1. Multiply the residue gap between ALA683 and LYS501 by 0.36 nm, knock off their C-alpha separation, and tell me the result in nm, one decimal place.
2. Translational diffusion coefficient of the range 158-293 at 25 °C, 0.890 mPa s, Stokes-Einstein with Kirkwood Rh over Cα pairs, in µm²/s as a whole number.
3. At 7 Å along Cα-to-Cβ for each site, give me the label-to-label distance between LEU219 and THR443 in nm.
4. Give a residue-ordered list of calculated ³J(HN,Hα) values for the range 561-566 (Karplus: 6.51 cos²θ - 1.76 cosθ + 1.60, θ = phi - 60°; whole Hz; x for Gly, Pro).
5. Net charge near ARG64: determine it from the other residues with C-beta under 12 Å of the C-beta of ARG64, scoring Lys and Arg +1 and Asp and Glu -1.
6. With a Förster radius of 30 Å, plug the Cβ-Cβ distance of HIS486 and VAL508 into 1/(1 + (r/R0)^6) and report the FRET value to the nearest 0.05.
7. Answer with one residue from ALA478, MET527, THR457: the one whose Cα lies farthest towards the positive end of the charge dipole of the range 434-550, charges on Cβ with Lys, Arg +1 and Asp, Glu -1.
8. By how many nm would the segment from GLU296 to ALA230 lengthen if fully extended, with 0.36 nm per residue of separation less the alpha-carbon distance?
Amino acid sequence: MSDVRYPFTAVVGMADLRLGLLLNAVSPAVGGVLVRGEKGTAKSTMVRALAGLLPDIAAVDGCRFACDPAAPDPQCPDGPHDAPASHERPSQLVELPVGVAEDRIVGSLDLERALAEGVKAYEPGLLAKAHRGVLYIDEVNLLQDHVVDLLLDAAAMGRSYVEREGVSVRHAARFLLVGTMNPEEGELRPQLLDRFGLTVEIAATRDPAERAEVVRRRLAYDADPASFAARFAQDERALAERITAARELLPKVELTEVALRQITAVCAAFEVDGLRADIVMARTAVALAAWDGRAEVLEEDVRKAAQLALPHRRRRNPFDAPGLDEEQLDRTLEEHARQDDPEPEGDGPGPDGDGDGGPEGDGPDGGPDGGGPDGGGAPEPSDGPRTETTPEAPDVSDTPDASDSGEPAQQPVPARRPAPAKESAPVAATDPYRTRLFTVRGTGHGAQGRRSPAETTGGHTIRARRPRGALGRLHLTATLQAAAPHQVARGRGGRALVLHKDDFREQVRQGRESNLVLFVVDASGSMAARQRMTAVKGAVLSLLMDAYQRRDKIGMITFRGAGAELALPPTSSVEVGAARLESLPTGGRTPLAEGLLRAHEVLRVERLRDPNRRPLLVVVTDGRATGGRDALARSQRAAALFAAQGTASVVLDCESGPVRLGLARTLAGLLGGTAVSLDELRAEGVASLVRESRPASGAASRSANRPESRSANRATTTSMRKAA
């Protein structure tokens, strides 16, 4: 790999990304930039190229924390620096690996030296190295939450704190924070999104000419990096000089009262939580004016600052996409720009001053009377009470229903004649709600999360053990207890303990892990009743939100008609799962066995990819099986495969109506898991019936002893005998 960076000015397009990075280079107080975009869009290339444009910095000789000789850090661990000698060096670009540990970020104390030699030795981390430079986090959405919190706190305060084993170290950590992510791999929590100053959405150009130029330049760079960089050297120097000039002008830029009022009005109009958005917008607008060589903030600066600083702060729940209503932004800016002017004539009353004087008469929501988001004063006929109160129809998966198509009824079809899979239009889900917690029994060793108990790097200390490999978190008390009996025999004569390698003990901490939650959703005709499917989708959406909050991976299998489909391969992007659920059609037979077998294969592959991530199977069904010959018996044999492997499982029982067969609860018993009705799923419902989903061993027998399970098992036994 060449040491010559790809030139920043050689990147084609990406105007918003270019501007967001340059504004942070001019004013690091903006708070960094989060770059969101699809893979292969030059995100990393532009960030790495930015470091070459930053001016050189003066650093104190021998200081590991890059203290500025003009204003050295009074708390620098290598200080104090009185009349220090200095040198010039380039700004650093520090890249943070995805699997980085907390000690590598903030630095660590050499506890072995502290105990063996009686000295305090501190090794600086990546935050110290990035001071006065650029800290680049590729795939920031894949970092563990506590690591991201640590980074963003340091970026906000400009200082890093290390508190370990009674020793406190503090040092300056001011850097330009840049994170990149692909939303398909999972989102950041809204609280973490808010800590990034700006966000930029990018996508590859669809213009063939631009794409050809990108390929042409990349091939030229790969063939001869030095010659390619020389072609853009003059442009690079000019851009670096403009950054320096903007930095010098920045303190002289005036944020006028009108501009400040516009900033606060925009944040209030978009109902942004807190006041961080107002501050970031003000800093961004000032940086924009300095970048353009102006000493006063204009309305165009405020508009652009809003477009960069607000979209990611408007998310209200995990499934909201970042965005900004440009028309609302323009109206708010216009209203507060002329707030001190006389009231214009001809406008009717109302906060926007638009009245209904236009020939179209549409409000901001597109409707003449603002009756709702769709512009109408009344709901659509299909969402009205007539549909919601219609009694649920019987299972129509085996017979066509002419009333759905609006055509006259045809000649009756014999009941046993198989019908093709009839597809119903997707229905909307109910609003998500907080669900009960389902966990995997036992203690795992998976990635840190918020669902099931596990041994993790965080959490509380439960015991000590001998190190497995390199020493992690030292358990001081256990180490001293192991070494104390041997001090006389080892000839201790000074202050320091005489320690051997076998004396060291490390902490074992218990926290919570994330799991793979695999949904197996029945989309057959037996689930197609509109009211029931709306409730089912709302339940799955609520479980998806719960998985998002607990940092799980999720996957989704749907089964209907003749087979099962992997609608969503296991991923961290819960938003994609919600989108697939929204467009889920229903109709046809119920191939339950095919759905379970497909789930078994998906889990087998995922175990090979990540053996430490434990699965939780969530089957959403009414328990019926009508797809193919011996459908019920095959589904029961498929369920037994999960019970044999001890896979934790939950069956969301969707059966409704006055007569219930209990097939879903029978399925739960065969899986060795738990059955929960839609009403029992809510966290605020009946007192928790299930705290954890049990693996097969013991759980199936306990489930079978319940009265409802005994009757269901008798029905199952009868069905299996008939199938045999």
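1. Once the chain is fully extended between ALA683 and LYS501, it gains 60.6 nm.
2. Here the translational diffusion coefficient equals 124 µm²/s.
3. 5.9
4. x, 9, x, 10, 10, 7
5. So the environment of ARG64 carries a net charge of -3.
6. With a Förster radius of 30 Å, E is 0.80.
7. Going by the charge dipole, the pick is ALA478.
8. Length gained between GLU296 and ALA230: 20.1 nm.
The values are calculated or read from the model by the stated rules, or taken from the named source; none is laboratory data. As the structure is a prediction and not an experimental result, all values here were calculated from the model. Here Cβ is always computed from backbone atoms with ideal geometry, including for glycine, and neighbour counts include all displayed protein chains. The protein model used for the area step is the full one, side chains on, heavy atoms only, and it has no ligands, DNA or RNA in it. Shrake-Rupley method; radii C 1.70, N 1.55, O 1.52, S 1.80 Å.
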